[in-house]
1. Return the FRET efficiency for the residue pair Lys123, Lys225: r is the Cβ-Cβ distance, R0 is 41 Å, and the value is rounded to the nearest 0.05.
2. At a 1.4 Å probe radius, carbon and sulfur cover how many percent of the accessible area of the stretch 228-316?
3. How much length is gained on full extension from Ala148 to Arg185, taking 0.36 nm per residue of separation minus their Cα-Cα distance?
4. Which residues in the stretch 140-154 place their backbone N less than 12 Å from a point set 7 Å from the Cα of Gln77 along the Cα-to-Cβ direction?
5. What is the spin-label model distance, in nm, from Ser94 to Ser250 if the labels are put 7 Å beyond Cα along the C-beta direction?
6. Using the basic label-point model (7 angstrom from Cα toward the beta carbon), what is the Arg43 to Gln65 distance in nanometres?
7. Sticking with the crude label model, points 7 Å out along Cα→Cβ, report the distance from Asp294 to Glu131 in nm, one decimal please.
8. List the extent of the Cα atoms of the stretch 248-290 along each of their three principal axes, largest first, rounded to whole Å.
Amino acid sequence: MKKLFVTAALLALALPAFARNDALSLVPDNAVSVGVVRLADLRSSPLGATLFRETDKISTDGDAQTFLLDAGLKPSQDVDVIVVATSPRTALGSDAEVLVALDGRFNVERLTKALAARGAVQKDGYYILPEEHVSRDNQKGAVAFPDAHLALIGSETAVAKALASRAAGGTKFLGQSALGRDVARIDPHATAWAVVDVQRAQHITGAPRMSAHTQQAQALSSALKSVSTVALWAIDAGDSLKLGAFGLSSDGETLGLLEDTLRGALSAMRLAVQDKEPQLVGVLRKFTVNRTNDSVTITGSVPAETFKNWSAKNVK
C-alpha cells in the first residue's frame, strides 16, 4: 500500500511536466468551443486512409506544396493531434480568439526558416505572419514551436497566452471549467470530438453554428438554442464509424423538445434516402435516442464501405 501511495505521488508531481507538452492542456479556461482530431489513431485505419487521401490534396496547391517541402512537413504523417479552441477576446465582447494546437513531430529549424523566407517576423518566442494573414478584425496571425513536438497557430494574442499557459504548466480548462467537465461525458475512445457552450457561443462572432439548410436542420437548430452544452464525437472502429452526440439541459421541457426533434429528424432522413440510397435506411434505423434527467443522446454507426462511398460522392 505504501508503494502505491508513493507511485501516485510521483505521478501527480509529473503531471504538470507532461501537460506542458500536450496540445489539449493549452485550451483556454474560458473556451466556448473545442474540437479535437486524433490523426495518429487514423493512420492504420481504412477510414483514415480515405480521409488522408482527401486532406493530402492540399499539397497539390503550388504555394502550399512548396512551403511543406521547404518546411519538411507532411501533415498526414507528422501531426498526431489537432486541437482547435475558440474563446471570447473580452468578457462581454463578441470578438473571438482562435487557437490551433498541434501535437506531432516538427523540424523547428526548417519550419522557422520557411516562415522567415515568406516574411514572418520573430517576436518573443513566436513568429508574426505576413500582412496577408491579418484577420478581419486586424488581429495579426502568429505561429510558435515551443519544442519539436508542439506547434501553436492563431492570433498573436491567442498564441502568446498559450505560451504563457504552457510555461505555467497548462490551463485549468478540463478540471475547473463547466465546459471542460462536460468533456468527461464524451466517449474516451473518440477519434474526433467537439464540444460547444451553446449559450456563450451564440454571442461570439465566428463560433460554431449549426447549418439550417433543411427543414429538419432548422428544427434541430431551434431545439438546440436552449440547451447548455452540445457535444459530438466519432470513433473509427476500422469496419465502421461510430457516431454520437448529446445535448445537456436542466429543463425537462427543453430535453423533451430535443428528443422529439431528433426522433423526427431520423424519420425524415429515412424517408429522404429510401429511393435514392435505400441502403442507408437500415443504417439510420439503428441510430438510437436516449434521454436522462439532464441529457439527450443520439448514437449509431455507419459501415466503413458506406462512409467511403459517401466520401467519394460528396468530398471533392
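1. Numbers: r = 41 Å, r/R0 = 1.00.
Rounded to the nearest 0.05, the efficiency is 0.50.
2. For the stretch 228-316, the apolar C and S fraction of the accessible surface comes to 54 percent.
3. So the chain would gain 10.1 nm between Ala148 and Arg185.
4. None, by backbone N distance to the label point.
5. 2.8
6. Calculated label separation equals 2.4 nm.
7. For the pair Asp294/Glu131, the computed spacing is 5.2 nm.
8. The principal-axis extents, from largest down, are 39, 15, 10 Å.
The values are calculated or read from the model by the stated rules, or taken from the named source; none is laboratory data. None of these values were measured; they are calculated from a predicted model. For neighbour counting, all protein chains shown are included, and Cβ atoms are generated from backbone atoms with ideal geometry for every residue, glycine included. Surface areas here come from the heavy atoms of the whole protein model, side chains and all, with no ligands, DNA or RNA. Shrake-Rupley method; radii C 1.70, N 1.55, O 1.52, S 1.80 Å.
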